Amino acid sequence: MQVVVIAVIGTAILIPLALIVPWFPTNASRQAGNVHTLYHVLLIATVPIFVIVETIVVYSVWKFRMRPGEELKDGPPIHGNTRLEVVWTALPALLIIGMCAYAYTVLRSNEDSKKGEMTVNVTARQFAFEYSYPNQDGKTVVSSALYLPNDRPVVFKLRSLDVIHSFFVPEFSEKLDAVPGITTTLRVTPTRLGTYPVECTELCGAGHSLMRSTAYVVSPAKFQSWLAAQPANAPPPIGTPSPKAVQPGVPGSPSGSSAAPAPPATAGTTPAPSSTATAAAAKAVFTGIGGCGACHTLAAAGTSGTIGPNLDVRLRTDCASAASKAVRGAALDECIRTAIVSPYKFIPSGYSAGIMPANFAQRLTPTQIQSLVTFLASVAK
């Protein structure tokens, strides 16, 4: 009776305490509500078991402790209680089966397709996310930020262009890997207006910690206004993917459903992107797929890495040194290009080989490298 009373009192105290603890971030999706409810049900089911087990352990340690003079005494031989053993085996088994069945129904409910759901393509690459909205008013919208209408079901089509990434919005309580070569599907129905972080939760390289984006959940009317204001079939904000990485649904991919159509050619002219668009694309490469900001400080890109040279302080001065000019060329843009594609031809003072990746010529497209060179040369102090 002592054990039973203690267990009942402990359960009555711990269950409310467990339920008021803020285990999760803000609930911002219908799926998050389902997950949170499941977690609370599991708490209610498991807290009594925890209390009962711990109460019996503590009671047994106290009640059957060794007294002075009993050091050589052995306990009396006893026979187990078969009925009790059957009960404490069957009841936990039934409880586990019940919890698994409930968890399965929640999983299926979260994964079920919904009427009127909107498709958003999510492209992941080292180290950035990119979003495209196919066939909206006859055009494809590409964005580096995720915009979603409130209370409308969304199906995300996840694709990776290089390594395994993971798409996670903590407030949605939904997460799924983006795996190279296949398309994975995640469904979410946002239910709360606000701004939320998008994170990669799969270690994907040196710039993993910087692989972040922002999700904006807005009213349906505001979402439609934003969508209408976006340019049709714009170039991918984080750079055109390598021809080896093309997939259906990937912005800039010739085989993708969201690929931008080629503009009509004009004899004798070559269209050039605006300097603003080029700088934005280069900054996206610097802070995203290139992962440069993880190691370098550059005010123009908003980064503060300390592993490599501070580019605000040393980029122009290092390139102006005689030793650098002899190896990397006298022109600033030539020096920067060599530093990117062949970083160990010249190593700045205070640093050693083996720190900076030497495969940017393979990881980045020529367009991305050129945009980086132009961007860095324009902001070098």
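If we count every other residue with Cβ under 10 angstrom of Lys381's Cβ, Lys/Arg +1 and Asp/Glu -1, where does the sum land?
Numbers: positive: Arg314, Arg316; negative: Asp312.
It works out to a net charge of +1.
Rounded, prolate or oblate for segment 277-363? Axes are the square roots of the Cα gyration tensor eigenvalues, ordered a ≥ b ≥ c, and the cut-off for rounded is a/c under 1.5. All intermediate terms of the calculation are to be shown ahead of the outcome.
Details: a/c = 1.44, a/b = 1.41, b/c = 1.02.
Since a/c stays below 1.5, the shape of segment 277-363 is classed as rounded.
Considering the options Ala331, Leu148, Ala234, tell which one lies farthest towards the positive end of the dipole of the chain, charges being +1 on Lys and Arg and -1 on Asp and Glu at the Cβ, about the Cα centre.
Of the listed residues, the answer is Ala331.
How far is it, in nm, from the label point at Met118 to the one at Val86 when both lie 7 Å from their Cα along the line to the Cβ?
5.9 nm
Could you give the angle, 0 to 90 degrees to the nearest 10, between helix 275-287's Cα long axis and the longest principal axis of the Cα atoms of the chain?
40 degrees
With the cut-off at 21 Å, tell me which of the pairs Lys283/Lys345; Lys114/Lys175; Lys157/Lys283; Lys222/Lys283 have Cα atoms farther apart than that. Please report the intermediate quantities before stating the final value.
Details: Lys283/Lys345 25 Å; Lys114/Lys175 18 Å; Lys157/Lys283 26 Å; Lys222/Lys283 27 Å.
Checking Cα-Cα distances, Lys283/Lys345; Lys157/Lys283; Lys222/Lys283 exceed 21 Å.
Note down the net charge around Ala124, summing +1 for each Lys or Arg and -1 for each Asp or Glu among other residues with Cβ under 10 Å from its Cβ.
Numbers: positive: Arg125, Arg159; negative: Glu130, Asp162, Asp177, Glu202.
Net local charge, Ala124 excluded: -2.
Taking the Cα centre of the chain as origin, sum charge times position over the Cβ atoms of Lys and Arg (+1) and Asp and Glu (-1), and report the length of that vector in debye to the nearest 20.
Values: 29 positive and 21 negative charges, 121 e Å.
For the chain, the charge dipole is close to 580 debye.
Hey, any idea what the orientation-averaged projected area of the convex hull of the chain's Cα atoms comes to, in nm²? Can you show the working numbers first?
Working: hull surface 121.4 nm².
Orientation-averaged projected area of the Cα hull: 30.3 nm².
I'd like the FRET efficiency for Ser209 and Trp23, computed as 1/(1 + (r/R0)^6) with the beta carbon distance as r and R0 of 30 Å, rounded to 0.05.
Numbers: r = 24 Å, r/R0 = 0.81.
Result of the calculation: an efficiency of 0.80.
Any chance you could check the Cα centroid distance between segment 114-164 and segment 310-365 for me, in angstrom?
Their Cα centres are 36 Å away from one another.
Each label point is 7 Å from the Cα along the Cα-to-Cβ direction; what then is the distance between the points at Arg67 and Val155, in nm?
Between Arg67 and Val155, the simple spin-label model gives 7.2 nm.
Give me the extension gain from Ile96 to Thr306: residue separation times 0.36 nm, minus the current Cα-Cα distance, reported in nm with one decimal.
On the way: separation 210, 0.36 × 210 = 75.60 nm, distance 4.97 nm.
Value of the extension gain: 70.6 nm.
Long-range amide H contacts for Ser166: which residues qualify at under 5 Å (H placed 1.01 Å from N, peptide plane, sequence gap of 5 or more or a different chain)?
Excluding prolines and chain starts, which carry no amide H, the hits are Ala178, Thr201, Glu202.
Can you give the local net charge around Leu298? Use residues other than it whose beta-carbon is closer than 12 angstrom to its beta-carbon, Lys and Arg +1, Asp and Glu -1. If you can, show how the numbers build up before the last one.
Working: positive: Lys283, Arg314, Lys381; negative: Asp312.
Its environment carries a net charge of +2.
Rounded to two decimal places and with Rh computed the Kirkwood way over Cα pairs, what is Rg over Rh for segment 15-78? Let's see the in-between values first.
Values: Rg = 20.8 Å, Rh = 15.5 Å.
Ratio value, two decimals: 1.34.
Which stretch or stretches of segment 163-195 have amide N atoms under 13 Å from the point lying 7 Å from Ala145's Cα along the Cα→Cβ direction?
Those under the cut-off are 194-195.
For Gly291, list long-range residues whose amide hydrogen, built 1.01 Å from N in the peptide plane, is under 5 Å from its own amide hydrogen.
Long-range HN contacts for Gly291: Phe127.
What are the ³J(HN,Hα) couplings of segment 338-355, residue after residue, when phi is run through the Karplus curve with 6.51, -1.76, 1.60 and θ = phi - 60°? Round to Hz, x for glycine and proline.
5, 5, 7, 8, 9, x, 9, 5, 9, 10, x, 4, x, 10, 10, 6, x, 9
In straight Cα distance, which lysines are under 29 Å from Lys63, not counting same-chain residues fewer than 8 positions off?
Reachable lysines: Lys73.
Considering only DSSP beta bridges with both partners in the chain, what is the antiparallel share in %, to the nearest 5? Don't skip to the answer; put the middle values down first.
Working: 30 of 42 bridges.
Within the chain, antiparallel bridges account for around 70 percent of the total.
Helix 82-111 against the longest principal axis of the chain: what's the angle in degrees, Cα atoms only, rounded to the nearest 10?
The angle comes out at about 30 degrees.
If r is the Cβ-Cβ distance from Thr185 to His36 and R0 is 25 Å, what FRET efficiency results, to the nearest 0.05?
Step by step, r from the Cβ atoms, then E = 0.65.
As I understand it, the dipole of segment 155-223 uses +1 on the Cβ of Lys and Arg and -1 on the Cβ of Asp and Glu, about the Cα centre. Which of Phe167, Pro220, Leu193 lies farthest toward its positive end?
Pro220
Gain in length, Trp226 to Val106, computed as 0.36 nm per residue apart minus the alpha-carbon separation, to one decimal in nm? Spell out each step's value before the answer.
On the way: separation 120, 0.36 × 120 = 43.20 nm, distance 3.31 nm.
Computed gain between Trp226 and Val106 is 39.9 nm.
Every number in this text was worked out from the coordinates using simple rules, so none of it is lab data. This one's a predicted model, so the numbers in the text were calculated from it and none came from an experiment. Every residue, glycine as well, gets a Cβ built from its backbone with ideal geometry; the counts of neighbours run over all protein chains shown.
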